[in-house]
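Here is the structure we will look at.
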Amino acid sequence: MNVVEVDSYNEMSRKASELIVKKIKENTSSVLGLATGGTVIRVYQMLIKDHLVNGTSYREVNTINLDEYVGLGSSDSNSYRYYMNENLFTHLDIPQEQSHLPNGMATNRKEECVKYEELIGELGGVDLQLLGIGENGHIGFNEPGTSFRSKTHVVKLMESTRKANARYFSSLDSVPTHAVTMGIDTIFRSKQILLLASGMKKAAAIDWLLNGEVSEDLPASILKKHNRVTVIADKDALSLSKVSGITFTK
Ligand code: F6R
């Protein structure tokens, strides 16, 4: 695991966006795995700016998002499809049909999960997966205790995760109780992974990730077994960590 310490959220976002742009320049038909949430939003702003200024094209790129809330459709401003359209896709030249998220409105959710796995396979797998991390170490919506062998599945969200995400909703009650998420094995099969963390709230999870055991109690810890992972974290997120035994780049 390559850990890059940066001073600020802005620097984390800049380094991440540069890595993504480099990937697309190397392979114009890359498959990008994407995340939603607060951590990645500046990365998306920087990708949009780069697209406008430098003309990096996404015409041949496919994107695969980690997750979607059950019961929220694309026109719901809290759905992840809406977030991605607003914050990234509509500002790039990516054809809409090449941006993929699980369908939170699917009536047959099990079938939707199987179809999502098949889609990833048909696209040849994810070349670069962008990840945030939950305060409890979740990746995607894979909460502590999720099997490392899990594929795309429906999850019941933990109260702590619903509370953390309630800031985007009018009330805690309106936060969905379930989501469809790529499983941990699905994420692990990505060829390269880029995990971002910013702020004190992530410090405990990052400390466990860097210095703790690989355990299903901390979903992100599986990444220690992957041979191409870069963690970009700011000083606050690294404030509890004594980094040992891993490549550490300033
Ligand atoms: C989002 C996702 C989540 C977030 C994580 C961190 O698609 O899968 O795992 O990456 O909850 O969220 P933020 O960045 O809002 O702190």
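The values are calculated or read from the model by the stated rules, or taken from the named source; none is laboratory data. In this text the structure is predicted, and so the values were computed from the model without any measurement. All Cβ positions, glycine included, derive from the backbone under ideal geometry; neighbour counts span all protein chains shown. Just so you know, the surface numbers come from the protein's heavy atoms only, side chains and all, with ligands and any DNA or RNA stripped out. Shrake-Rupley method; radii C 1.70, N 1.55, O 1.52, S 1.80 Å.
In whole percent, and with a 1.4 Å probe on the protein chains, what portion of the accessible area of region 2-249 is carbon and sulfur?
The value for region 2-249 is 50 percent carbon and sulfur by accessible area.
Translational diffusion coefficient of the chain at 10 °C, 1.306 mPa s, Stokes-Einstein with Kirkwood Rh over Cα pairs, in µm²/s as a whole number.
88 µm²/s
Hey, if you put +1 on the Cβ of every Lys and Arg and -1 on every Asp and Glu Cβ in the chain, which of Phe141, Leu128, Thr230 ends up farthest toward the positive end of that dipole?
Of Phe141, Leu128, Thr230, it is Thr230.
Which entries of Lys151/Lys235; Lys25/Lys156; Lys23/Lys156; Lys115/Lys156 show an alpha-carbon separation above 29 angstrom in the structure shown?
In this structure, Lys151/Lys235; Lys25/Lys156; Lys23/Lys156 lie more than 29 Å apart at Cα.
Just the accessible area per residue of the chain, please: how many Å² with a 1.4 Å probe?
That works out to 45 Å² per residue.
Springs between alpha-carbon pairs under 10 angstrom, Gaussian network model over the chain: which of Met84, Met46, Met105 fluctuates most?
Comparing Met84, Met46, Met105 in the GNM, the peak value goes to Met105.
Restricting things to alpha carbons, tell me how big region 147-250 is in terms of Rg and Dmax, in Å.
Values for region 147-250 (Cα only, Rg and Dmax): 15.2, 44 Å.
Which of the GluC sites (Glu not before Pro) found in region 142-250 are loop residues per DSSP with 13 or fewer other Cβ atoms within 10 Å of their Cβ?
Answer by residue number: Glu213.
If r is the Cβ-Cβ distance from Phe148 to Thr107 and R0 is 25 Å, what FRET efficiency results, to the nearest 0.05? Numbers along the way, then the final one.
Details: r = 29 Å, r/R0 = 1.18.
E(calc), rounded to 0.05, equals 0.25.
Fully extended, how many nm does the chain gain between Val21 and Glu122 (0.36 nm per residue separation, minus their Cα-Cα distance)?
34.0 nm
Filter the trypsin sites (Lys or Arg not before Pro) in region 14-76 down to the DSSP loop ones having no more than 14 other Cβ atoms within 10 Å, then list what survives.
Hits after loop and neighbour filter: Arg59.
Translational diffusion coefficient of region 1-47 at 37 °C, 0.692 mPa s, Stokes-Einstein with Kirkwood Rh over Cα pairs, in µm²/s as a whole number. Mind showing how you got there, number by number?
Numbers: Rh = 11.5 Å.
Answer, rounded: 284 µm²/s.
Can you grab the distance from the C-alpha centre of region 40-69 to the C-alpha centre of region 1-36, Å, no decimals?
Centre-to-centre (Cα) distance: 10 Å.
What nm distance separates the two modelled labels at Glu216 and His178, each placed 7 Å from Cα along Cα→Cβ?
Taking the simple label geometry, Glu216 and His178 are separated by 2.1 nm.
Given a Förster radius of 35 Å and the C-beta distance between Ile41 and Lys191 as r, what FRET efficiency does 1/(1 + (r/R0)^6) yield to the nearest 0.05?
FRET efficiency, Ile41 to Lys191: 0.90.
If the cut-off is a Cα-Cα distance under 13 Å, which aspartates and glutamates reach Lys242, setting aside same-chain residues fewer than 8 apart in sequence?
Of all the aspartates and glutamates, those that pass the test against Lys242 - Cα under 13 Å, at least 8 places apart if same chain - are Glu5, Asp207.
If you filter region 138-204 for trypsin sites (Lys or Arg not before Pro), then keep DSSP loop positions with at most 14 other Cβ within 10 Å, what is left?
Of the trypsin sites (Lys or Arg not before Pro), the ones in loops of region 138-204 whose Cβ has at most 14 other Cβ atoms within 10 Å are Arg149.
Pick from Val126, Val114, Val154: which residue has the top mean-square fluctuation in a GNM of the chain where Cα pairs under 10 Å get a spring?
For the chain, modelled as a Gaussian network with Cα springs under 10 Å, the answer is Val114.
Share of antiparallel DSSP beta bridges in the chain, in percent to the nearest 5?
25 percent
Report, in order of residue number, the helices in the chain meeting two criteria: a C-alpha extent of 24 Å or more along the helix axis, and a mean Kyte-Doolittle hydropathy of at least -1.0; treat each whole DSSP H run as one helix.
What comes out of the filter, once short or polar helices are dropped, is 9-26.
Which lysines, on any chain, are close to Lys163 with Cα under 18 Å apart, when same-chain ones fewer than 8 places away are left out?
Once the sequence-local lysines are set aside, what remains near Lys163 is Lys201, Lys202.
Give me the number: length gained by fully extending Asp93 to Arg167, i.e. 0.36 nm times residue separation minus the C-alpha to C-alpha distance, one decimal in nm.
Values: separation 74, 0.36 × 74 = 26.64 nm, distance 3.05 nm.
Stretched out fully, the Asp93 to Arg167 stretch lengthens by 23.6 nm.
Considering the chain as a Gaussian network with a 10 Å cut-off on Cα pairs, which listed residue, Ala35, Ala237, Ala166, attains the greatest mean-square fluctuation?
Maximum fluctuation in the GNM of the chain, among the listed residues, is at Ala166.
What net charge is computed for the residues neighbouring Ser198, neighbours being all others with C-beta under 15 Å from the C-beta of Ser198, Lys and Arg scored +1, Asp and Glu -1?
Taking every Cβ under 15 Å from that of Ser198, the sum is -1.
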